[in-house]
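Remarks on the structure that follows.
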Amino acid sequence: MGDRNLELAKVADVHRTVWTGFLVPPETGTYRVGLAGTGATLELDGTRISDRRKARWNDLPGMTTLKLIGGKRYPFRIEGKGVDLVWKRVSEAPAAELKRAAAAPTCWSPWSASPRTWRRRRPA
């Protein structure tokens, strides 16, 4: 009948999951890109940037910091299973961005959206 372990190894060589696509950042800047989960690798623009094949189920995402150009299409390839592609823009000047947000003219809250609701819930 044969050795079942050898047969499964042969199947893994020909049957696998591969996702391909493009990552298009909305603006130029510094980004963190990687995989969350276990059992896969990520190539971005032809370079392997994350290898989660030996990660444990509760490990933090494997992320790489990159400078990306807004609007450019970066081809990616994920090979494996059980992972999510994760990416986010990283602030290059957090103090300046916090000051800009604090100086914004309005701040929305449910109470400012409807004075009638506020009056109704206000204690007498």
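The values are calculated or read from the model by the stated rules, or taken from the named source; none is laboratory data. Nothing here was measured: the structure is a model prediction, and the numbers come from that model. Please note: Cβ atoms are built from the backbone with ideal geometry, for glycine as well, and neighbour counts cover all protein chains shown.
Some observations on this one:
- Top-ranked residue of the range 70-95 - restricted to ones that are surrounded by 12 or more Cβ atoms within 10 Å (Cβ to Cβ) and aliphatic (A, V, I, L, M), ranked as farthest from Thr38 (Cα to Cα): Val90
- Lone unmet requirement of (1) in a loop (DSSP other than H, G, I, E, B); (2) modelled with pLDDT under 95; (3) surrounded by 12 or more Cβ atoms within 10 Å (Cβ to Cβ) for Leu35: (1)
- Within the range 38-48, being in contact (Cβ under 8 Å) with a residue 12 or more places away in the chain and outside any loop (DSSP other than H, G, I, E, B) holds for Ala40, Thr41, Leu42, Glu43, Leu44.
- Residue within the range 15-31 that is without any contact (Cβ under 8 Å) to a residue 40 or more places away in the chain and either surrounded by fewer than 16 Cβ atoms within 10 Å (Cβ to Cβ) or on the phi > 0 side of the Ramachandran plot (or both) present: yes
- Taking the range 26-40 as the range and being under 15 Å from the mean Cα position of the chain (by Cα), within 18 Å of Asp84 (Cβ to Cβ) and not basic (Lys, Arg) as the test, the residues that pass are Tyr31, Val33, Gly34, Leu35, Ala36, Gly37, Thr38, Ala40.
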